[in-house]
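Please treat every number below as a calculation from the coordinates, not as lab data. Being a predicted model, the structure only gives us computed values, none of them experimental. No Cβ is skipped: glycine too gets one built from the backbone with ideal geometry, and neighbour counts run over all protein chains shown.
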């Protein structure tokens, strides 16, 4: 394992939407995990951070079909050429960071990759397709793999409409995951049985994030309408999208 700043230097220049605060949260959780699955790797930024944090005997599986779809804001449709470019960049970035041998890439859609990973997970990082149905399926089917006490981290929570609706549908009033907080749009949960008062408190803590969600929707609308001054007024300072 290396230190966080060294991990950030290794990931520097790797295209992606993971902020430094989010990378630190991932780094700290990966440092305590031996079985890690990442859904949605893009060009390897988060995989590099986790691979450098994880213990030497850890297993890290990166699941991404690199089909050129669901790769960023408003990029939904598949594009084979774009996907191949992403895959080449992913492999090159891992090699340059010295972690290619520590990451097993499964180039399949996440739901087709369920049979590629056996057993329980210490850490599941979900940053796959952001539409409601695939996000719901990732949280439901892969979430079942997280062991009691294990962590679930979800990118674009309370930012993407599809991811947020899927999270609220499955996690708001659920009994299996307790909400721990977020770094920007990276939300963290621990698998923990919830009943009665704890379940209600868990729902309240997630509902408290809805004003921030509404702010993000307003920022996105302003960006789409090319009203950058309004986006800045709402607190969005840089980047194409709030993360």
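Within 10 Å of each residue's Cβ, count the other Cβ atoms and sort 136, 88 from fewest upward.
Ascending number of Cβ neighbours within 10 Å: 88, 136.
Would you kindly state how much longer the chain becomes between residue 5 and residue 78 on full extension, computed as 0.36 nm times their sequence separation minus their alpha carbon distance, in nm to one decimal?
Taking residue 5 through residue 78 to full extension adds about 22.8 nm, to one decimal.
What shape does region 185-243 take by its C-alpha gyration tensor, where a ≥ b ≥ c are the square roots of the eigenvalues and a/c under 1.5 counts as rounded, a/b above b/c as prolate, and the rest as oblate?
It is prolate, given that a/c is not under 1.5 and a/b is the larger ratio.
May I ask for log10 I(q)/I(0) of region 13-155 at q = 0.15, 0.20 Å⁻¹, from a Debye sum over the Cα atoms as equal point scatterers with solvent left out?
-0.68, -1.28
Averaged over every viewing direction, what's the projected area of the C-alpha convex hull for the chain? Give it in nm², one decimal, please.
Averaging across all directions leaves 12.5 nm² for the Cα convex hull.
May I have the extent of the alpha carbons of region 133-243 along their three principal axes, as whole Å values ordered from largest to smallest?
45, 27, 20
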